[in-house]
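What follows is one structure encoded as structure tokens, with my remarks underneath.
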There are 2 protein chains.
Amino acid sequence: MDDANSGHALLVDLYELTMAAAYFEHQIDCRATFELFVRHLPTERSYLVAAGIESALDYLENLHFTDSDVKFLRAQPAFRMVSDKFFAYLRGFRFTGDVEAVEEGTLVFAEEPIMQVTAPVLEAQVAETYLLSVVNFETLVASKAARVVSAARGRGVLEFGTRRAHGPEAGVRAARAAYVGGCVATSNVLAGYRYGVPLAGTAAHSWTQVFPTERESFQALLETFPEQAILLIDTYDALLGAETAAALGRAVPGVRLDSGDLVEKSRRVRQILDARGMQKTKIVASGDLNEYKIEELLACGAPIDLFGVGTDLATSRDVPALSVVYKLVEIERDGRIEYTTKFSDQKVYWPGRKQVHRFPREGRYSQDVVSRAGEHYDDAEPLLGPAMRNGKRARAQRPLAEIRAQTLVNLDCLPAPYHALRAAPIYPVRKSATLDRLLDEARERYLSAPRATRVK
Amino acid sequence: MDDANSGHALLVDLYELTMAAAYFEHQIDCRATFELFVRHLPTERSYLVAAGIESALDYLENLHFTDSDVKFLRAQPAFRMVSDKFFAYLRGFRFTGDVEAVEEGTLVFAEEPIMQVTAPVLEAQVAETYLLSVVNFETLVASKAARVVSAARGRGVLEFGTRRAHGPEAGVRAARAAYVGGCVATSNVLAGYRYGVPLAGTAAHSWTQVFPTERESFQALLETFPEQAILLIDTYDALLGAETAAALGRAVPGVRLDSGDLVEKSRRVRQILDARGMQKTKIVASGDLNEYKIEELLACGAPIDLFGVGTDLATSRDVPALSVVYKLVEIERDGRIEYTTKFSDQKVYWPGRKQVHRFPREGRYSQDVVSRAGEHYDDAEPLLGPAMRNGKRARAQRPLAEIRAQTLVNLDCLPAPYHALRAAPIYPVRKSATLDRLLDEARERYLSAPRATRVK
């Protein structure tokens, strides 16, 4: 991959670096494990499609501070009391830790670790912001894509959202994530260049407006792109546009409708095309589509072959953020493991390193159990596996098309009720008894000798 | 600026490049004007704070295709019929056009052009995707920030959203835009490095968890950052945490609350601190805050000095996209101007190049008139000015702090009713009679000789 910002150490919240400085100055070099997970699923999502893990691993492999990064930090007033040694350390900083992660395309649920980072505490801390950001966003879009693709019932979904994504770079990441989630192609050219996502495109209204007549604009586009041109027929009047396209006397790969009543229009356009023997001409629909609208269009029998989905997909408009967090779960100090958690206000999370086990029944997923790492179940598949060892990738990167194919298999393994777009049941995820005991022990330890000891 | 992706010509929707190829192959080289504007304001926004314009100008100044970009495009099946000349042209491609734009920080409303691009049609077309994406996103965040800052009534707002932004690069752009919209600082270090946004940070729960006691964690942080440390006091129990901080026997710059009932907690924490003579210790609140929650906290009298706002700000969670569009409004061909528009389905936009005039009354904004470019009003301020001439910036870049200060002045000029967080009235924007006439003429021309002429 070739992400210009990958490994950029300043793409981080300041507090990761102030804590890093303070860890360094106080010689706190215990080995720590942080887990990255989604605290709870929003009501609009009954499952998530994990993504962003390759972005995270790229970052960890390339993470370093340049001379100018270090110079910038040193000049910050906050770092005035920090020793030269820390800045010298930063100059040579690399991530040397281990990462366990699920494969991209894995379905995940609330409180299931997606990544688990074990490293000297300073290194693991510095990585927090970037890891949260890429896993949050790419998982968000892959999950939205899976819903849209599911609603399209076998018709192709094209990702068209870069113009409304949160900046052009978000558009590239969204395009990749949407493909991981099951889209067939994207309009974002850099996603094709960088990740190999298949590309698709049509034409804009401006193309038609530049010509004296719509007919001339269609002819010109077909001359240059005889096998790919999708004619945008609704610049002036979609049905007249369809008739113009049908009367060109040549093969038209496709036409696109971008506004209005898509059920009625697609039916009439189909009739116009078919009357001219153009059964092979595909109808592409776009215009603020999402999974709900696509479900409705198909329920009404709209003869649409491909859906172009932009804003709702690239921004996950109904749920533009997940409750991803990155929590310290254990520390190894002087050869002893300490299990950490916090108890403030409904934000409890189970301490200790974990594994997620997925139990199948008749070829479908039936339930998950989150256990302590090392627990084993004969009849379940463990989801977390070694992704990085000593700062280097520990498994080969799979081709993106293979990840996408696996996502579709995974989605097929999720029982039908969980695919409902609205009011889907909650997939059962339980904690193992051993993991529960670890939490109880931590709570007892805290209650008997609270770490926040009253001092007056 | 130093955006790694600026000028990256492949950060574009494929159709801009297929249209470019087809314009080239058909020797369509008219000069075209596109206007970038927001079609309508969402009900949750009564004004927008324009941003993203500097990102757009950076892009236009740097836009070029590398050898490997061209090689990639040439290998795409869609471009099979495209001539070598086009690819040679791309290799030397530069944006040579003119841009009119409002200044960043200007308040804008629906259907008011934010940017106006005039260039050979191919160049103006290629720029569409990137310009929409940066103006959409940065305007979105600057506008959200202005609402949050307004709700905070003079207390500082810190932007903390990178971890939930749509990828880390979106976090950097969000940090800059939030500052343009009135925030006082960001946690995003790269935004400090690249744009000079002031930085702020505290500490995470993990910092406290690593130490045997909370007290030791506080002491250690204060040793390294005596003048900046903000102690996060709610890892275990916020009130015990506050007592621990108050009993350290040294100055504490600030404490942070990140969960629970912030009204009750901030009051009791303030009492604990004040009882120890720590009136100068600031209370920072965070945890899924937004303008509505801040308004409520302050209405309840919560003694909070600074608000850290993350997800809702960096994703503009309630409105994660604007209806930004980029529309062809006129073409100059053989010395003649043609005014273009389209009439399909409620998506009409006035043809022709425009100017926006803002009329003051007693030092406040009273109404806007959108006119044809060249119309003049003695008693109004024109908002669009020359930003680029022949592909080069035509005005000096203002320091970011100056842009922010101007935003605050502009917000102050917007009458109070429009600042209501809910159900604010609609600011009056009218079209000039001359502009209306141009639309009528275009409609008449279309009705008398529709461009989508029925051909059978």
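In terms of the Cα gyration tensor, with a ≥ b ≥ c the square roots of its eigenvalues, is the stretch B:167-224 rounded because a/c is under 1.5, prolate because a/b exceeds b/c, or oblate? In terms of gyration-tensor shape, prolate. Restricting the calculation to Cα atoms, every distinct pair contributes to the Kirkwood radius of the protein assembly as shown, found to be 28.8 Å. Shown for chain A are the DSSP H helices of 30 Å or more along their axis, judged by Cα atoms, with a mean Kyte-Doolittle hydropathy of at least -0.5: A:128-151.
Cross-link check: pairs B:LYS144/B:LYS282; A:LYS354/A:LYS431; A:LYS144/A:LYS354; A:LYS354/A:LYS392; B:LYS327/B:LYS431; A:LYS265/B:LYS347 evaluated at a Cα-Cα cut-off of 19 Å; pairs beyond the cut-off: B:LYS144/B:LYS282; A:LYS144/A:LYS354; A:LYS354/A:LYS392. On full extension, the segment bounded by B:ARG39 and B:ASP261 gains 76.0 nm, given 0.36 nm per residue less the C-alpha separation. All C-alpha pair distances within the stretch B:310-384, sorted into 10 Å bins from zero, spread as 15, 28, 31, 22, 4, 0 percent across the bins. Neighbour counts of C-beta atoms inside 10 Å place B:ARG336, B:ARG31 in the sequence B:ARG336, B:ARG31, starting with the fewest. Shown here: the stretch B:121-161, whose C-alpha atoms stretch 48, 17, 9 Å along the first, second and third principal axes, sorted largest to smallest. Between B:ASP318 and A:TYR446, the FRET efficiency estimated from the beta carbon spacing at R0 = 41 angstrom works out to 0.65.
Rg and Dmax over the alpha-carbon atoms of the stretch B:142-314 stand at 15.6, 44 Å. Dipole check for the protein assembly as shown: with +1 at the C-beta of Lys and Arg, -1 at the C-beta of Asp and Glu, and the Cα centre as origin, the magnitude is about 380 Debye.
How big is the Cα convex hull of the stretch A:27-178 in projection, averaged over all directions, in nm²? Don't jump to the answer; show the numbers that get you there.
Values: hull surface 44.8 nm².
Reported value for the Cα convex hull: 11.2 nm².
With its label point defined 7 Å out from Cα along the Cα-to-Cβ axis, A:HIS64 lies at 2.6 nm from the matching points of the other copies, in increasing order.
Once you have the Kirkwood Rh of chain B from its Cα pairs, apply Stokes-Einstein at 10 °C and 1.306 mPa s and quote D in µm²/s.
Values: Rh = 24.4 Å.
Answer, rounded: 65 µm²/s.
The modelled label-to-label distance between B:THR434 and B:ALA394, using points 7 Å beyond Cα along the C-beta direction, is 1.8 nm.
Short to long, the 10 Å bins of the Cα pair-distance histogram for the stretch B:1-111 hold 11, 36, 30, 17, 5, 0 percent of all pairs.
In square nanometres, what is the average projected area of the Cα convex hull of the stretch A:313-454?
Details: hull surface 52.0 nm².
Averaging across all directions leaves 13.0 nm² for the Cα convex hull.
B:ALA251 label point (Cα plus 7 Å toward Cβ) to equivalent points in the other copies: 7.9 nm, shortest first. Take each residue of peptide A:233-241, count the partner chain Cβ atoms within 10 Å of its Cβ, and average: the result is 5.
Would you mind ranking A:SER187, A:SER316, B:SER68 so that the residue whose beta carbon has the fewest other beta carbons within 10 Å leads the list? It would help to have the intermediate numbers written out before the result.
Numbers: A:SER187 26, A:SER316 30, B:SER68 11.
With the sparsest Cβ surroundings first, the list reads B:SER68, A:SER187, A:SER316.
When the Cα convex hull of the stretch B:99-174 is projected onto planes of every orientation, the mean area is 6.4 nm². The mean number of Cβ atoms from other chains found within 10 Å of a Cβ in peptide A:196-208 is 6, as a whole number. Hull volume per residue, based on the alpha-carbon atoms of the stretch A:215-328 and their convex hull, is 131 Å³. The other copies place their B:ARG443 label points at 6.8 nm from this one, listed shortest first, where each point is 7 Å from Cα along Cα→Cβ. For B:LYS293, the aspartates and glutamates whose Cα falls under 16 Å of its own Cα, not counting residues fewer than eight places away in the same chain, are B:GLU44, B:GLU159, B:ASP258, B:ASP261, B:GLU264, B:ASP305, B:ASP312, B:ASP318. Residues of the stretch B:56-96 falling in the label zone of B:GLU332, defined by backbone nitrogen less than 13 Å from a point 7 Å along Cα to beta-carbon, are absent.
At 0.36 nm per residue, and after removing the present C-alpha to C-alpha distance, how many nm does the segment from A:LYS85 to A:SER68 gain when stretched out fully? If you can, show how the numbers build up before the last one.
On the way: separation 17, 0.36 × 17 = 6.12 nm, distance 1.65 nm.
Here the answer is 4.5 nm.
Shielding value for A:308-319 is 3, the average number of Cβ atoms from other chains within 10 Å of each residue's Cβ.
Coordinate-derived values only; no laboratory data. All values derive from a computational prediction rather than experimental measurement. Here Cβ is always computed from backbone atoms with ideal geometry, including for glycine, and neighbour counts include all displayed protein chains.
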